[in-house]
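Derivation of every value follows stated rules applied to the coordinates shown; laboratory data play no part. Model, not experiment: these values are computed from the prediction. Using ideal geometry, Cβ is built from the backbone for each residue, glycine included, and neighbour counts are taken over all protein chains shown.
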Amino acid sequence: MCNIWDDFQAALFLFYKYVTRGNKGTVVLTVLVATLAFIQINLISGILSGAVGLIYDQTKNNYVGNIVIQPGKDQWGNKEAYITQVDLLKRKINAIPGIIGCSSRYTTGSVIEYDPDKTGKDIRTISWPVKSINPDDEKRISELHNYMLAGQYLDESDRDQIILGREVSGGYGASLEVQSLKGVNIGDEVTVFYHNGVTRKYTVKGIYATVFPLADMTVFVTQKEMESVLALRDRASEIIIRTDEAYPEAYYIQELRRAGVELQDIRPWQDFIGLVLGIVQSFDIIKKIILFIGLIVAGVTIFIVIFIAVTSRRKQIGIMKAIGMKEGIIVTSYIMLALFYAVTGIVVGIAAIEFVATPYFIAHPFNFPMGKVSLLIVRSEFVTSIVSMIVVSIIAGFIPSWRVSRENIIKAIWG
C-alpha cells in the first residue's frame, strides 16, 4: 500500500511539473477545445431535448391530455360506438386524487363546405371530423382557449357557432393550406354535412393555433350542438383526462380501473403521437451523433497534445527509467495531465451552460415550427457526457504515454 501511495505521489509531482513548466498557450488552447466540445454536446442535446419536451407538452396540453378513455368492446368483441353513462363516469374520474379534470367529447365524420363569394362558383370542400366540447370542462384539461388567433372561444350556449384550427381554416400561416378551406375568416359561414345526413350552417366564431399541427387540425362545436345533431345524450366518443403528473399515467390508469372504469379502453397520451415519434427518434439519433463527434474532437485533441508532449520528452523519460522510475508512474502522470485538460474543460463548460447559456435561452427561446423551444438539460444525458469525456481523456492520455514509456531505455535516450 505504501508503494502504491509513493508511486501516486511521484506521478502527481510529475503532473504538477508538466502543468507549471509546460507551454501555457498549449494548456489554455487544449482546455478551450475540451470546453467547446463539452458545450457543443450539451447545448445541441439540450435544444433537441427542449424540442422533444415541447412536443410532449403540446400533446398533453392541447391534444389528448394525459389519459384518453375510449369506448370498449361489447360481449361479442366488437368496439362500441360510444361511451355510455358519461356523467357517472366523469364523477368517478374527478373523485380520484391527482385528477385535475376531465372533459367528454363527441367525434363524428363530416364534409365541410365554404363558399366565400356565396355564388357557388368557388366552393371549397374538405372531408374532416368534427369534435364537440363542453367549454367549461375543456378549460380544465386543455389550453386551446389561450391560443385564439382571431375571434373568440366557444361558450356553452353557442349552437350556430364553430371554431377551427389554423390548419383547417387555411389562413394565418397554415402549413397544410392545400388540404384546408383555403382562407376562412372570422364571421364567415360554413356548411357542415354530418355523416348521419344532418346539415348545419355555422358562423366561424374563432380560429386558434397552438403551433402543434395535430392540435391545429381540429374543428369544434359545443357539446349541446353535437348532441342535437346526433340525437344522443350522456354519451361520448372519448373522455380526455388531465392529471397533476405526480405519478406516471400507468398509476392513474390503475386508479381508474379501481374506481369502476372497467369496460372502457383507457390509453396514455403516448399512444396518440405515432405521427411525431419518428421526429423524436430522429432527434435521439442526432444527439448520439453529436455526442460521438464531440468526444472524438476532444479525445483527438488531448491525444495529440499528450503525444507531442511525450515525444518531446523521450530523452527525459528514458533517463527517468534509467534511474529506476517505474513505467506506471510515467503513464499515470500523463493520464493525470489528460484528465486535467478534460476536467477543467468540463468545469468551465458547466459554468458556461449554467450561468450563460441557460439564462439566455430562457429569455430568448428558439422559434421552432412547433413553438418556442428553450434549453432542456436532461440529467442522465448530462452525466453521460461528463463520464464519456473523462473516459475518452483517460484513453487519450494512456495510449501515447504507454507506447513511449515502453521504449528501450538506450533508444529513448539516444534516439
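Worth a mention:
- Mean ellipticity per residue at 222 nm, deg cm²/dmol - from DSSP H runs of n ≥ 4 across the chain, formula -39500 (n - 2.57): -17000 deg cm²/dmol
- Euclidean distance between Cα centres, segment 33-61 to segment 338-380, Å: 8
- Cβ-placed point charges (K, R +1; D, E -1), dipole of segment 279-391 about Cα centre in debye, nearest 20: 420
- Within straight-line cross-link reach of LYS201, lysines at Cα separation under 25 Å, skipping those fewer than 8 residues along the same chain: LYS118, LYS121, LYS131, LYS182, LYS224
- Share of alpha-carbon pairs per 10 Å distance bin for segment 1-154, given as whole %: 7, 17, 19, 15, 11, 8, 10, 10, 2, 0
- Remark: spin-label model distance ILE395-LEU263 equals 6.0 nm, labels positioned 7 Å along the Cα→Cβ axis.
- Cα Rg over Rh - segment 266-415, Kirkwood: 1.20
- Ordering of 7-13, 188-194 by packing [mean C-beta count within 10 Å, highest first]: 188-194, 7-13
- Test item: Cα-centred dipole of the chain, Lys/Arg +1 and Asp/Glu -1 on Cβ, debye: 2160
- With neighbours defined as other Cβ atoms within 10 Å of a residue's Cβ, the residues TYR18, TYR341 order from fewest to most as TYR18, TYR341.
- Cα principal axis extents for segment 225-354, largest first, Å: 97, 29, 25
- Relative intensity, log₁₀ I(q)/I(0), of segment 134-180 from a Debye sum that treats every alpha carbon as a point, q = 0.18, 0.24, 0.25, 0.32 Å⁻¹: -0.63, -0.93, -0.97, -1.16
- Look at MET389, MET325, MET320 and count the other Cβ atoms within 10 Å of each Cβ; fewest to most, that gives MET325, MET320, MET389.
- Shape parameters for segment 66-271, alpha-carbon atoms, Rg then Dmax in Å: 17.7, 58
- For the chain, the ratio of Cα radius of gyration to the globular rule of thumb 2.2 N^0.38 Å stands at 1.47.
- Per the Debye calculation on segment 314-369 with a single equal scatterer at every Cα and no solvent contribution, log₁₀ I(q)/I(0) for q = 0.31 Å⁻¹ amounts to -1.09.
- Residues GLU143, GLU225 arranged by fewest to most Cβ contacts within 10 Å: GLU143, GLU225
- Taking 7 Å steps out from each Cα toward its Cβ at VAL383 and TYR56 produces label points 1.7 nm apart.
- Acute angle (nearest 10 degrees) that the helix 2-21 long axis makes with the longest principal axis of the chain, alpha-carbon atoms: 80
- The chain: angle of helix 249-258 to the longest principal axis, Cα-based, in degrees nearest 10: 40
- Nearest 10 degrees, 0 to 90: helix 274-312 Cα axis against the chain principal axis: 10
- If you take all other residues with their beta carbon under 12 Å from the beta carbon of ARG267, and give Lys and Arg +1 and Asp and Glu -1, the sum is -4.
- When the Cα positions of PHE193, MET325, GLY171 are compared along the charge dipole of the chain, MET325 comes out farthest toward the positive end, with charges on each C-beta of Lys, Arg, Asp and Glu.
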